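Participant: Attaching a single structure in structure tokens format; questions to follow.
The values are calculated or read from the model by the stated rules, or taken from the named source; none is laboratory data. Please read these numbers as outputs of a predicted model, since none were measured by experiment. In this analysis, Cβ positions are derived from the backbone assuming ideal geometry, glycine residues included, and neighbour counts consider all displayed protein chains. Side chains included, ligands, DNA and RNA excluded: accessible areas come from the protein's heavy atoms. Shrake-Rupley method; radii C 1.70, N 1.55, O 1.52, S 1.80 Å.
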Amino acid sequence: MAKLTGLEHLHRTGEAPVRLAYSVVRLHVNVTKLAMAKSLEVIQGLCLPRSCSPEDVTSIINFSTMISDTLKSNHTTPRTVSVINSRRIELTYDPRNDYAAITLSVLTLVLAILCIIATLVDFDLLKCRKNVTAKTFNVQKYNNDLQIHKPKDELTINNVENNINLMTLKNKQNAMPQALDVVSLENTNSCKRCGKYRKQCVNPIKSDTYQPCPRVRYDNSIASLKVKRSVSQYLLLCFSLSYGWKRIFNTNMANKDLSIMHAFRIATTFWVVFIHVATMVSYLSDNGPEMNSRNNVFMILATGSLAFDTLFFVSGLFSSYHFFYLKSQYSVEELVSFSGLCGQILQLFCFITNRAVRLLPSYLYVIFLASVLSRATQGMSVLELPGDADCDLTWWRNILYITNLYPRHERCLQVSWYLTMETQLHAAGALLCALAVRRRVALAVASVVVLVATATDVASAFGDYSKPMADMFAAYHLMLERPWARVAPYFTGVFAGWLVRRMDGQLKVSRVTSIFLWLASLSALSVASAVPWAGPAWVTCFLHLLWPVVLLWPALVCATNYAGLSRQLLDSGPVAALSRLCYSVLLLHGPITRTVLLSIDGALCSQTMCIWSYFAGTTLLTLLASLLLSLLVEMPCCSLLRRLSDCATS
């Protein structure tokens, strides 16, 4: 029988004599005769033998380009073609060959098992030890003894939210209630923190704003009080899903006066998600707009810069408010067990590093999750998006918060520039707060830094905005990733936090002054919203000075005695939960959006309604994933660090 040719073999058996593979080559094409200001990006698919390596595919493309350019009879326009990369598309993704995916799956499984066990222990469905001793607690006898020693106090039992029964002392003179497990009854001068940096001492000032701390749990009959759990059980309960859920939806915040700032953070976080979704959808859409003209995506990026300014303003306000709150409530020796200059330096170091250490577990988890998802989608999707591919090699830059020192195409996660800049400004803001004991020096330093940063940003923007923008991500880099532009909003937030702490909830202004300041804020808001539409692009850099001033007056008003309505509207579990989930949303929305868009090989369109549709879907997925990330990683790790600190200092 004669040997069949390849074509005959294909027709008879339906199988190719040579195993084939589908490869994708990304090219930059520049038509030189037209003096194009930017290159066109072309994606070309090739069906070649599987034995061809990416280098072979690149060689074939280069050879084909050379042959077509040397033919004199084709009358083609001169052009230059460069191959960016070549990759092979597979039908399926096998996680068994991905060690990072295996490690991440094992870690997730271990965390889930820990959370389940801790939840069972928390509900007493699983006993960690055989003998649980209990001691009788006679409420009536304790009440009589207390009346003998302290006739002005009476013993009450309050039913706190989440059905947590708590025994407290209620002072008849409206003194602050004291939790029995926190403060010694015999020595009322011995104070320990309960919750986050809250002293349980008698404080006649603003006593009605302090709530009892749910540290002691009683059974339904309140007849007996179980002894405290062992240290291992105490640490295990950090992973309890019930405990984490209550912490997420807890409305008793340490900075409860700043409820309007939590609303600002929630709104701007979702606006940042919208910006990133619009960038990716426009990049992958066939009818994506030209970024050098003022279209809907251009305006989204232009006004989106104000969203990042708001996030930096809120971050600076929270940071400085926390710093001055600690200064007013604790001595240096109480915080770090040292006094003098050494204690001051150690306290400043702990304040700076506390944020990075607290947020690090969630950050690391999302970095490796993004790396795994990037490999899974990159191997099966024809299209691709910049970023996330370098997470395996550059993850250490993220945890050191130095990603802005490297080229942007080597950046892991699109939002990493914001997290890096916020951490660096957190350190600078802490130094400024430390100088606040000398107000004139601190004010002079802050003014000089803000003016220099703004001048530098305006000078660089004048040149940057004249450059053509090749795609959406290039426009995002030029218009939003501007480190010097974020100094003014953050330092203004630091100043606002200092003012809020100094006023201590009391603001006395006349009605005329209040109306004038509200009109000025609304006028500045209108100007800041209109400048990106009407003025030159580089003029928007001055908005980084104007926008924080717009936010300053509402922040002060809603943190003082004029904020009754805003507190009633925002004092709820869902608002508190959304505020706590903002960090997880910022981390997760990028990988989730990329995975969704690449799994369906692109976006249908880039019109406004399409962008809002993609935004709604990815936001819902991101919120669910953020809740899981907080329950499995963020809340347990934060609680674990805090309880380890309590055990070390007790």
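Participant: Could you sort 246, 508, 127 by accessible area so the largest value comes first, with the probe set to 1.4 Å?
Facilitator: 508, 127, 246
Participant: Still on this structure, I have one more. Can you give the Rg/Rh ratio of segment 454-519, where Rg is from the C-alpha atoms and Rh is the Kirkwood radius?
Facilitator: Using Cα coordinates only, the ratio equals 1.23.
Participant: Here's another thing I want to ask about it. Heavy atoms only, probe 1.4 Å: what % of the accessible area of segment 391-519 goes to carbon and sulfur, would you let me know?
Facilitator: Its accessible area is 68 percent carbon and sulfur atoms.
Participant: Once you keep just the Cα pairs under 8 angstrom separated by 6 or more residues, what percentage relative contact order results for segment 401-473?
Facilitator: Taking the mean separation of contacting Cα pairs over the length of segment 401-473, I get 19 percent.
Participant: A further question on this structure: What ranking, highest mean first, results for peptides 584-590, 238-244, 510-516 when packing means the other Cβ atoms within 10 Å averaged over each residue?
Facilitator: Top of the packing list down: 584-590, 238-244, 510-516.
Participant: Another question about this same structure. As a test question: what accessible area, to the nearest 10 Å², does residue 635 have when a 1.4 Å probe is rolled over all protein chains in place?
Facilitator: 20 Å²
Participant: Based on Cβ point charges of +1 for Lys and Arg and -1 for Asp and Glu, what charge dipole magnitude is obtained for segment 490-627 about its Cα centre, in debye rounded to the nearest 20?
Facilitator: 400 debye
Participant: With r defined as the distance between the Cβ atoms of residue 40 and residue 452 and R0 fixed at 35 Å, what FRET efficiency is calculated, to the nearest 0.05?
Facilitator: The formula returns an efficiency of 0.30 here.
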